[in-house]
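The block underneath contains the structure these notes are about, expressed in structure tokens.
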Amino acid sequence: MSIVTKINRDDIINGKAGKRPGKPKGGVFHNDYGAMTPQQYVAWLIARRKEGRLGLGFAPYYINSSAILRADNTGNKAWHTANNEGNAWYLGYEVTQSFYGIISDKEFILNEDMTLRQMAEDFHFYGLKPNKETVRLHSEFSATSCPHRSWDLHGKSTNALKDYLITKVTRYMSLGKTVEEMLKKEGVSAPTVTVPNKVTPQPDGKTVKVGKQATHWETGSAIPKFVIGQVYDVLASKPVNNPKSKKAYLIGKGKVATGWLLEQDVDGFKTAGGGNTNKATPTTKPSVTGTTTESQSIAGVRMFLNRWFYGGLTIDNSAGPATRKALVKALQMELNSQFKAGLIVDGLWGVKTKNACVTVRKGANGNLTRLIQAALICKGYDVKGFDGKFGDGLDKAVKNFQGTKGLKVDGLVGQGTSEALFK
Ligand SMILES: [Zn+2]
């Protein structure tokens, strides 16, 4: 069973932004633009408070896949949206380690999911219903690209991202009242993180000194958290489109990144190490060329597997072994979750998985139907919509498939048909 560490440290912010005038209206979803874990945020926030710099911003929550930091009581306001209404009336949730190149998309989605479980817990607590008025994005309150990475991953529009977040919060709320209850009901141990949470320092150990000012690599606005004159390690670099800078550098200390710095703001870089950052680890943006929705296509299936079952697939139209394995994994997770099948989630089709398969038929609705649709889509069948509803279109496709495979043509997806579909 998965374990989540809850770090309740209401004393860190300690009501610094004042008390909320009433019950919160909802939650604001953030990506932190950072590389720190919730544990690392503890010291960072305490330092920010001691320096009298909390006004630069903080959220009540900092969350990744294994830890939830609550830095203040949820009955207090927080300075997280650069907007009075947002700060006073909405809870704020930072999904941590959202910088590209720090962790993989797969791991980032695990971080998002834990954040959304916490949001679901708070919505239960405050009697809120997840909808477009209650589930909000930072970018709805002020000019920012936050939540940048979730935006790129889940549809690249306010509506698409909000639909995605609302669907997930709704699902988590149906599973339990607390994060622990939800995880227990999900019935699978949290998938183990495969990408270590660290950045690889440049092999030649380059350092940079922050110059007169530091500006955000995208927006050009000043970033106060860099200390001017301070020397940092260069952890990564990436090309940027900016009139004065060809590159941005991810800088920090050791393996803990502070943030990105534009080339134009670097002072003393050349004297520090010659300025060759060509060896820097390139940051990886997810490949979302093509489909960014769960449409009826192989790319749509792969997007679905990534979002709901941690498929870790690139988004393309390949129905090869990686997709097949991810499909079996998803089926195993779903059978564990719905029927307590107790299967090892390994993506390998075997007799235990076959025996655990239940019969799914016309009229069904949910993830098992969705997985049947997915398997058929990957085999080239038109299922008339990738929506989890077992209607006439899917019934027809199943019967066609059964006919081709020499199975009994009854439209019932039981153990035999499941084997033909997933093996
Ligand atoms: Zn934000």
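Only one of the numbered conditions (1) within 13 Å of the ligand (Cβ to nearest atom); (2) without any contact (Cβ under 8 Å) to a residue 40 or more places away in the chain is violated by VAL28, and that is (2).
So is SER142 over 16 Å from the mean Cα position of the chain (by Cα) and modelled with pLDDT under 95 or not? Yes: the conditions hold for SER142. Kindly check whether there is at least one residue in segment 374-391 that is without any contact (Cβ under 8 Å) to a residue 40 or more places away in the chain, in a helix (DSSP H, G or I) and assigned by TED's automatic domain parsing to the domain that holds ASN306. No, every residue in segment 374-391 fails to be without any contact (Cβ under 8 Å) to a residue 40 or more places away in the chain, in a helix (DSSP H, G or I) and assigned by TED's automatic domain parsing to the domain that holds ASN306. Across segment 1-26, the number of residues qualifying as loosely packed, with under 15 Cβ neighbours inside 10 Å, more than 26 Å from the chain's Cα centre (by Cα) and closer than 26 Å to LYS129 by Cβ comes to 4.
Based on this model, can you work out whether ASN64 counts as more than 14 Å from the ligand (Cβ to nearest atom) and surrounded by fewer than 21 Cβ atoms within 10 Å (Cβ to Cβ)? No, not satisfied. The numbered conditions (1) within 16 Å of the ligand (Cβ to nearest atom); (2) under 28 Å from MET303 (Cβ atoms); (3) of a type in the set (S, T, N, Q) are all true for ASN87 except (2). ASP11 satisfies every condition listed in (1) within 16 Å of the ligand (Cβ to nearest atom); (2) more than 24 Å from LEU153 (Cα to Cα) except (1). All of (1) within 14 Å of the ligand (Cβ to nearest atom); (2) in a loop (DSSP other than H, G, I, E, B); (3) under 28 Å from ASP11 (Cβ atoms) hold for SER145 with one exception: (3). For residues that are modelled with pLDDT under 95 and surrounded by 24 or more Cβ atoms within 10 Å (Cβ to Cβ), scanning just segment 79-93, find the one that is nearest to ARG136 (Cα to Cα). Top of the filtered list is THR81. When segment 321-342 is filtered for residues that are within 25 Å of the chain's Cα centre (by Cα) and among the hydrophobic types (A, V, I, L, M, F, W, C), the ones remaining, listed by number, are ALA322, ALA326, LEU327, VAL328, ALA330, LEU331, MET333, LEU335.
The values are calculated or read from the model by the stated rules, or taken from the named source; none is laboratory data. Since this is a predicted model, take the numbers as computed values, not measurements. Glycine also receives a Cβ, built like all others from the backbone with ideal geometry; neighbour counts cover every protein chain displayed.
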